[in-house]
Amino acid sequence: MSVAVVYIESTIDNVNESMPKISDSIVQGDKDYNESVELLNTKYFDQSREKAISAGDNYNSSLHSLQSIKDQYYKDLNEVHKDYIDTTIKELELKLKAVENLRDAIYYLEMEENYTGSDCGSYANEIMYEALNYQNERNGIVQNNSKLFS
């Protein structure tokens, strides 16, 4: 008779293992987004576009990871983790929308359609400020529940 021993990882272990990579991608996305804005302001359109694309890729990576966690483990998570995931998904959806508008701004400003480009850039800023509210909420969840996120 043979016996198979199967180790089943806990849901929280899987979630906790994923969080540093998700967080790092968000931080890198924010860095790329800010660099894209700076490059756009100095009219380095190609470099600005590259940074905006990179920001979007980083945000998308985090969003897909969170959605996967939500799809696989959501029913097993506690309310704090659920709030964190839901808040971060909202943050990332807005940041992706801001990137889309930033990319539009880059296009229009490069084509010297300054009015439309400025409108797109302003809208990107408004969306990013809205996303920052969710980012602050996410950071608050982590700070108020440090034992769960260590």
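Inter-label distance, Asn78 to Asn60: 3.5 nm, where each label sits 7 Å from its Cα along the C-beta direction.
Only Lys, Arg, Asp and Glu carry charge here, each on its Cβ (+1 for the first two, -1 for the last two); on that basis the chain has a dipole of about 400 debye about its Cα centre. For the chain, averaging the sequence separation of C-alpha pairs within contact (under 8 Å, six or more residues apart) and dividing by the residue count gives a relative contact order of 22 percent. Over segment 1-129, accessible surface divided per residue gives 59 Å², non-protein components excluded, 1.4 Å probe. For GluC sites (Glu not before Pro), the sites in segment 31-117 that DSSP calls loop and that have at most 15 other Cβ atoms within 10 Å are Glu112, Glu113. Highest GNM mean-square fluctuation among Ser25, Ser36, Ser122, for the chain modelled with Cα contacts below 10 Å: Ser122. Share of the chain's accessible area from carbon and sulfur, percent, 1.4 Å? Here it works out to 47 percent. With each label modelled as a point 7 angstrom along the Cα→C-beta vector, the Glu113-Ser23 pair spans 4.2 nm. To the nearest 0.05, what FRET efficiency results for Gln143 and Tyr44 with a Förster distance of 41 Å applied to their C-beta separation? For Gln143 and Tyr44, the calculated efficiency is 0.65. Which of the pairs Lys70/Lys147; Lys21/Lys51; Lys70/Lys95; Lys51/Lys147; Lys75/Lys147; Lys95/Lys147 have their Cα atoms more than 23 Å apart in this structure? Pairs exceeding 23 Å: Lys51/Lys147; Lys95/Lys147.
The values are calculated or read from the model by the stated rules, or taken from the named source; none is laboratory data. What you are looking at is a predicted structure, and each value in this text was computed from that prediction instead of being measured. Ideal geometry is used to build each Cβ from the backbone, glycine not excepted, and the neighbour counts take in all protein chains shown. Calculation scope for accessible area: heavy atoms of the full protein, side chains included, ligands and nucleic acids excluded. Shrake-Rupley method; radii C 1.70, N 1.55, O 1.52, S 1.80 Å.
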